[in-house]
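The values are calculated or read from the model by the stated rules, or taken from the named source; none is laboratory data. All of these numbers come straight from a predicted model, not from anything done at the bench. FYI the Cβ positions are ideal-geometry reconstructions off the backbone, even for glycines, and counts take in every protein chain you see. What goes into the accessible areas is simple: the full protein's heavy atoms, side chains included, and nothing from ligands, DNA or RNA. Shrake-Rupley method; radii C 1.70, N 1.55, O 1.52, S 1.80 Å.
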Amino acid sequence: MEARSIVDEVTAGPRMSDPVELVPEMAEVSAALFKAVGNHTVARTTISLVHLRAGQIVGNTYLTVLHTGFLRKAGESEERITAVSSWRDAPCFTPAERAALALVEAVLLPSAHGERVSDELYAKVAEHYDEKALATLIVAIGQVNFFIPVALIAKPIPGRSFSDPWN
């Protein structure tokens, strides 16, 4: 695969039409994921931090712009939003947020040491989240992973409304 130069022009439009128009069943899956993640067992801010970190890890502008916007609308500081990419040494995250960020990284990044989610990491996350909240966090990571192929392949337009990134 050939790397793009930093001076190459980026196409302004999406590669394809709205996938939900092409496969309407996606709307039901998406709605179910949003409902499951919105059960109030994990703070919405934490979920958005996790989703932002996932977008950063996969290098997708649409997802990073989308979740940065959600965090801003929720009143998050620029310091916290900016520090997500370097959360390990940023003092502005709670221990529970750090555990959630470590979990999404473990799921999305290859591990040189075998198992991605170690028993030690699981135990650390479980210190901050009861079983239902941990299950919700797992679904939240699955939710962003559901949208990663859409964002990488179909290329919705960054910065457009969440409900209409295709025009």
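Would you please put 92-105, 147-160 in order of how densely packed they are, using the mean number of other Cβ atoms within 10 angstrom per residue and starting with the highest?
Values: 92-105: 18.6, 147-160: 16.9.
Packing order, densest peptide first, comes out as 92-105, 147-160.
Over the heavy atoms of SER30, what accessible area does a 1.4 Å probe trace out, to the nearest 10 Å²?
Its heavy atoms expose roughly 20 Å² to the probe.
What does the charge count near VAL42 come to, summing +1 for each Lys or Arg and -1 for each Asp or Glu among other residues with Cβ under 13 Å from its Cβ?
Surrounding charge for VAL42 is -1.
Cβ under 13 Å from ILE81's Cβ, ILE81 left aside: what net charge do those residues give with Lys, Arg +1 and Asp, Glu -1?
Details: positive: ARG53, ARG72, LYS73, ARG80; negative: GLU76, GLU78, GLU79, GLU97.
Net charge around ILE81: 0.
Work out the length of the dipole vector of the chain about its Cα centre, built from +1 on the beta-carbon of each Lys and Arg and -1 on the beta-carbon of each Asp and Glu, and round it to the nearest 20 debye.
Numbers: 15 positive and 20 negative charges, 52 e Å.
So the magnitude is around 240 debye.
Can you list the lysines whose alpha carbon sits under 16 Å from that of LYS35, skipping same-chain ones fewer than 8 residues off?
Within reach: LYS132.
In percent, how large is the relative contact order of the chain, given Cα pairs closer than 8 Å and 6 or more residues apart? Walk me through the numbers before you get to the answer.
On the way: 159 pairs, mean separation 60.9, N = 167.
So the answer I get is 36 percent.
Students sometimes get this wrong: rank HIS51, HIS128 by accessible area, probe 1.4 Å, all chains present, largest first. Can you show the working numbers first?
Details: HIS51 5, HIS128 70 Å².
Result, largest first: HIS128, HIS51.
Could you provide, to the nearest whole Å², the per residue accessible area of the chain with probe 1.4 Å?
Working: 9860 Å² over 167 residues.
Using a 1.4 Å probe on heavy atoms only, each residue of the chain averages 59 Å².
Which residue, THR94, MET16, THR68, has the largest displacement toward the positive end of the dipole of the range 13-118 when charges sit on each Cβ (Lys, Arg +1; Asp, Glu -1)?
THR94
How much accessible area does GLU131 have with a 1.4 Å probe, in Å² rounded to the nearest 10?
In the full protein context, GLU131 sits at about 150 Å².
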